[in-house]
Amino acid sequence: MRCRCGRRAVFHSKVYKVTLCDECYPNFYVEIVGRSVKRYKILRRSERILACVSGGKDSCAMAYALKRLEYKFELFHIDLGIGRYSRECLRSVEELSEFLDVNLNVVRLEDYGFTIEDVDRRKVCSACGTAKRYLMNVFARLNGFDVVATAHTCEDIINFFIKNMLSGNVEYISKLKPRIDSFDKLVAKSKPLFDRTEKENATLVLTLNLPFTSIECPHAPHDVWKEIIYDVELRKKGFKQNFVRSIAKLANFIRLDWNLGHCKICGEVSNSEVCSFCKLRLRYGKG
Ligand code: SF4
Ligand code: ZN
């Protein structure tokens, strides 16, 4: 297959009806990210953005797009203390920071008294999610950032949607908006890649040879829903992106009744007397 410019194609999409080479694809990718960011009012030009990068392909693609779109941003990485995996992730984000010439901020979970390796095996991903949400919010607020950007893809959002629907947590769907404005001590959250697929992100980082790690976290669970989502897409092209855009519309109609107070230990927003992060510190912390 050939690109419209005549070079050998690296990307073909029936959804967008395009066939592109390694030189034309990055421009196309940046253009579709920019279009969604504008259409869904995900980021504002005046904002200081804290772009969360894990070291993987999706957040690497997000940082590249933000740079090309000329947003004001810095990178933020949490060292979770998961042995070789965390070392590789840190190495990749350091290279990315150098490549993009964007400042990198690193926070070590160990500095809060524990690492993900200390957590009970059955609760590891939920603890990891709690720690990431807490640390990105606190770091952004204390350092004057207006909005946090995370690289959730359409597969992540559909996955979260299905799981919450099946367990009856309908109100949680309101968290799936491409942008959630600030509230109390919570900094605004944004998902600039909410309608991008993992394949689109992977094609970008591979064609440009951007620094990322393909090592998977040793705690990553086998996710059957992601496989189902991919199966549906194979049978019905465009399913994922059409579905995620409908989720974004639906999320506007659902209100999460914030019944929030403040943690009596750290003072951050919490729906119980002690927030989930402080509970982790109390349980696993070493002094
Ligand atoms: Fe954290 Fe690894 Fe679980 Fe992802 S798979 S949430 S990085 S522990
Ligand atoms: Zn707390």
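Just so it is clear, none of the values below were taken in a lab; they were calculated from the coordinates. Here the structure is a predicted model, which is why all the values come from computation and not from measurement. Cβ sites come from the backbone with ideal geometry, for glycine too, and all protein chains shown count toward neighbours.
Overview of results
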read-out	value
Potential lengthening between residue 108 and residue 237 on full extension [0.36 nm per residue; Cα-Cα distance subtracted]	42.3 nm
Eligible lysines near residue 279 by straight Cα distance, threshold 18 Å, same-chain separation 8 or greater	123, 132, 264
Extended-chain gain in nm, criterion 0.36 nm per residue less alpha-carbon gap, residue 220 and residue 44	60.0 nm
Residues of the stretch 245-287 with amide N under 18 Å of a point placed 7 Å along Cα→Cβ from residue 126	270-285
Pairwise Cα inverse-distance average, inverted: Kirkwood Rh of the stretch 176-287 (Å)	18.1 Å
Largest-first principal axis extents, alpha carbons of the chain, Å	62, 41, 40
Partners for residue 38 among aspartates and glutamates (Cα-Cα distance below 18 Å; same-chain residues under 8 apart left out)	47, 70, 146, 181, 195
Qualifying aspartates and glutamates (Cα of each under 13 Å from Cα of residue 226; at least 8 residues distant if same chain)	155, 156, 198
Relative contact order (%) - criterion: Cα under 8 Å, at least six apart; region: the chain	21 percent
The stretch 134-287: relative contact order in percent, alpha carbon pairs under 8 Å with at least 6 residues between	26 percent
The stretch 238-258-the stretch 153-208 distance, computed between alpha-carbon centres (Å)	10 Å
Among 64, 16, 53 - extreme Cα towards positive end, dipole of the chain, charges at beta-carbon	16
Ellipsoid equivalent to the stretch 16-119 - semi-axes via the Cα gyration tensor, in Å	29, 16, 12
Alpha-carbon Debye profile of the stretch 151-205, log10 I(q)/I(0) at 0.15, 0.22, 0.24 Å⁻¹	-0.50, -0.87, -0.95
Check: the stretch 24-284 dipole with +1 on Lys, Arg Cβ and -1 on Asp, Glu Cβ, in debye	860 debye
Pairwise FRET efficiency - residue 27 versus residue 138, Cβ, R0 = 51 Å, nearest 0.05	0.90
Beta bridges by DSSP in the chain, antiparallel share as percent, to the nearest 5	40 percent
Relative packing of 280-286, 195-201, 219-225, which averages over residues the other C-beta atoms within 10 Å, highest first	195-201, 280-286, 219-225
